[in-house]
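Notes for the one structure printed next.
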Amino acid sequence: MKIKLHRCGDSHLLQIPRSILDILNWKDNDILNLKVKDNKLIIENSSDDEMNIEDLFEDFNGKYSKEDIDWGEMTGKEVR
(Lines give C-alpha, C1' and ligand atoms only; values in the text may rest on other atoms or scores of the structure.)
Protein backbone atom coordinates (compact mmCIF):
# COMPACT_ATOMS: atom_id res chain seq x y z
CA MET A 1 0.00 0.00 0.00
CA LYS A 2 1.35 3.42 -0.91
CA ILE A 3 0.61 6.52 1.14
CA LYS A 4 1.55 10.15 0.65
CA LEU A 5 3.91 12.08 2.92
CA HIS A 6 2.37 15.47 3.85
CA ARG A 7 4.25 18.56 4.98
CA CYS A 8 3.05 20.22 8.21
CA GLY A 9 5.29 23.13 9.22
CA ASP A 10 8.77 21.77 9.88
CA SER A 11 7.44 18.22 10.23
CA HIS A 12 5.83 15.69 7.93
CA LEU A 13 2.77 13.52 8.41
CA LEU A 14 1.88 10.00 7.33
CA GLN A 15 -1.80 9.18 7.03
CA ILE A 16 -2.36 5.63 8.22
CA PRO A 17 -5.65 4.15 7.00
CA ARG A 18 -8.22 3.21 9.64
CA SER A 19 -8.13 -0.43 8.50
CA ILE A 20 -4.44 -0.67 9.40
CA LEU A 21 -4.96 1.11 12.73
CA ASP A 22 -7.68 -1.40 13.56
CA ILE A 23 -5.45 -4.37 12.71
CA LEU A 24 -2.67 -2.96 14.93
CA ASN A 25 -5.16 -1.99 17.64
CA TRP A 26 -3.76 1.56 17.66
CA LYS A 27 -5.94 4.34 19.04
CA ASP A 28 -5.83 8.14 19.17
CA ASN A 29 -3.14 9.46 21.50
CA ASP A 30 -1.20 6.17 21.62
CA ILE A 31 2.51 6.79 22.08
CA LEU A 32 4.54 5.30 19.23
CA ASN A 33 8.25 4.51 18.99
CA LEU A 34 9.95 5.31 15.70
CA LYS A 35 13.26 3.81 14.65
CA VAL A 36 15.15 3.27 11.43
CA LYS A 37 16.75 -0.10 10.77
CA ASP A 38 18.29 -1.19 7.48
CA ASN A 39 16.94 1.99 5.84
CA LYS A 40 13.37 1.10 6.88
CA LEU A 41 11.08 3.03 9.20
CA ILE A 42 9.75 0.87 12.04
CA ILE A 43 6.79 2.16 14.04
CA GLU A 44 5.85 0.34 17.24
CA ASN A 45 3.21 1.08 19.83
CA SER A 46 4.99 1.86 23.09
CA SER A 47 1.76 2.32 25.07
CA ASP A 48 1.77 -1.40 25.84
CA ASP A 49 5.26 -1.16 27.38
CA GLU A 50 4.72 1.90 29.52
CA MET A 51 2.61 1.95 32.64
CA ASN A 52 0.70 4.97 33.84
CA ILE A 53 0.55 6.08 37.47
CA GLU A 54 -2.75 4.27 38.06
CA ASP A 55 -1.26 0.98 36.84
CA LEU A 56 1.85 1.42 38.97
CA PHE A 57 -0.17 1.91 42.16
CA GLU A 58 -3.11 -0.41 41.48
CA ASP A 59 -2.08 -2.83 44.29
CA PHE A 60 -1.06 -0.11 46.77
CA ASN A 61 -3.26 -0.20 49.87
CA GLY A 62 -2.16 3.17 51.25
CA LYS A 63 0.18 1.76 53.88
CA TYR A 64 3.95 1.99 53.60
CA SER A 65 6.24 0.13 55.93
CA LYS A 66 9.79 1.41 56.08
CA GLU A 67 12.42 -1.18 56.80
CA ASP A 68 15.99 -0.41 57.79
CA ILE A 69 18.62 -2.06 55.65
CA ASP A 70 22.14 -2.69 56.91
CA TRP A 71 24.39 -1.81 54.00
CA GLY A 72 27.57 -2.60 55.96
CA GLU A 73 30.48 -0.34 56.83
CA MET A 74 31.36 2.73 54.79
CA THR A 75 34.14 1.96 52.33
CA GLY A 76 34.63 5.17 50.36
CA LYS A 77 33.67 8.82 50.49
CA GLU A 78 30.07 8.36 51.61
CA VAL A 79 28.38 11.29 53.33
CA ARG A 80 28.19 10.75 57.07
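Results for (1) part of a strand (DSSP E or B); (2) of a type in the set (S, T, N, Q), shown as yes or no for each residue.
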site: Leu13; (1), (2): yes, no
site: Leu21; (1), (2): no, no
site: Asn29; (1), (2): no, yes
site: Val36; (1), (2): yes, no
site: Glu44; (1), (2): yes, no
site: Gly62; (1), (2): no, no
site: Asp70; (1), (2): no, no
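Take the conditions modelled with pLDDT under 85 and outside any loop (DSSP other than H, G, I, E, B) and apply them to Glu58. Does it pass?
no
Please specify each residue of region 1-11 satisfying the condition of being loosely packed, with under 10 Cβ neighbours inside 10 Å and in a strand (DSSP E or B).
Leu5, Arg7, Cys8, Ser11
Within region 18-33, take every residue that is under 16 Å from Met1 (Cα atoms) and among the hydrophobic types (A, V, I, L, M, F, W, C) and give me the one that is nearest to the chain's Cα centre (by Cα).
This residue is Leu24.
The values are calculated or read from the model by the stated rules, or taken from the named source; none is laboratory data. Because the structure is a prediction, the values reported are computed rather than measured. Glycine gets a Cβ as well: all are built from the backbone with ideal geometry, and neighbour counts include every protein chain shown.
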